[in-house]
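Comments concern the structure below.
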Amino acid sequence: MNLKTEIGALILRVTLGSLFFIHGFVKFQGGIENIVDWFNSIGLPGFGAYGVALLEIIGGVALIIGLGTKIISALFVLQMIGAILTAKLSVGLLGNGQMAGYELDLGFMAIAIYLTITGSNLLSINQLIFQKRTNKLT
């Protein structure tokens, strides 16, 4: 990738990572039991709330530092598909006045798809790891 594309991917990676981290953190801060109950109320296993929140926190940090960007982004794509299909589709794109729609999920998913395809190595742990491996091989 050229420098402009790498800078754009870096901005998307850090932004998406920060937003997911905040979403996960708030799930625990606001009482993960509430999220467990909500999962149960929409027919999902309640323990899944822990997995979602942990993916958001750990995956968010991983994206911010650039560790496993393509894998983490792919997991976020799957999470957004799941969120749209199980919780958001019925309330519509912009919501129903009581619950947000899936417009934000689509935006997150688009960014995550881009990062899954292209990655983002500028200022990343991945760059440090793979750069060192390449140097050792030559």
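Couple of notes before you dig in:
- Where residue 109 falls short, out of the listed (1) more than 14 Å from the chain's Cα centre (by Cα); (2) in a helix (DSSP H, G or I): (1)
- Selection within the stretch 117-132: residues that are surrounded by fewer than 18 Cβ atoms within 10 Å (Cβ to Cβ) and either within 17 Å of the chain's Cα centre (by Cα) or of a type in the set (Phe, Trp, Tyr) (or both). The member of this set that is farthest from residue 66 (Cα to Cα) is 117.
- The residues of the stretch 4-57 that are closer than 22 Å to residue 72 by Cα and part of a loop (DSSP other than H, G, I, E, B) amount to a single one, 47.
- Cβ-Cβ under 7 Å pairs, at least 6 apart or on other chains, the stretch 33-54 side touching a residue at least 40 places away in the same chain (Cβ under 8 Å), far side surrounded by fewer than 16 Cβ atoms within 10 Å (Cβ to Cβ): 42/86; 44/86
- Of all the listed residues (89, 63), the sole one being in a helix (DSSP H, G or I) and in contact with a Gly (Cβ under 7 Å, 6 or more places away or on another chain) is 63.
- Of all residues in the stretch 47-94 being among the charged types (D, E, K, R) and crowded, with 18+ Cβ neighbours inside 10 Å, the one that is nearest to residue 122 (Cα to Cα): 56
- Residue check, residue 128 of a type in the set (A, V, I, L, M, F, W, C), at pLDDT below 95, within 21 Å of residue 1 (Cα to Cα) and part of a loop (DSSP other than H, G, I, E, B): no
- Some residue of the stretch 3-10 being modelled with pLDDT of 95 or more and among the hydroxyl-bearing types (Ser, Thr, Tyr): no
The values are calculated or read from the model by the stated rules, or taken from the named source; none is laboratory data. Note that the coordinates shown come from a computational prediction; the quantities given were computed from them, not determined experimentally. In this analysis, Cβ positions are derived from the backbone assuming ideal geometry, glycine residues included, and neighbour counts consider all displayed protein chains.
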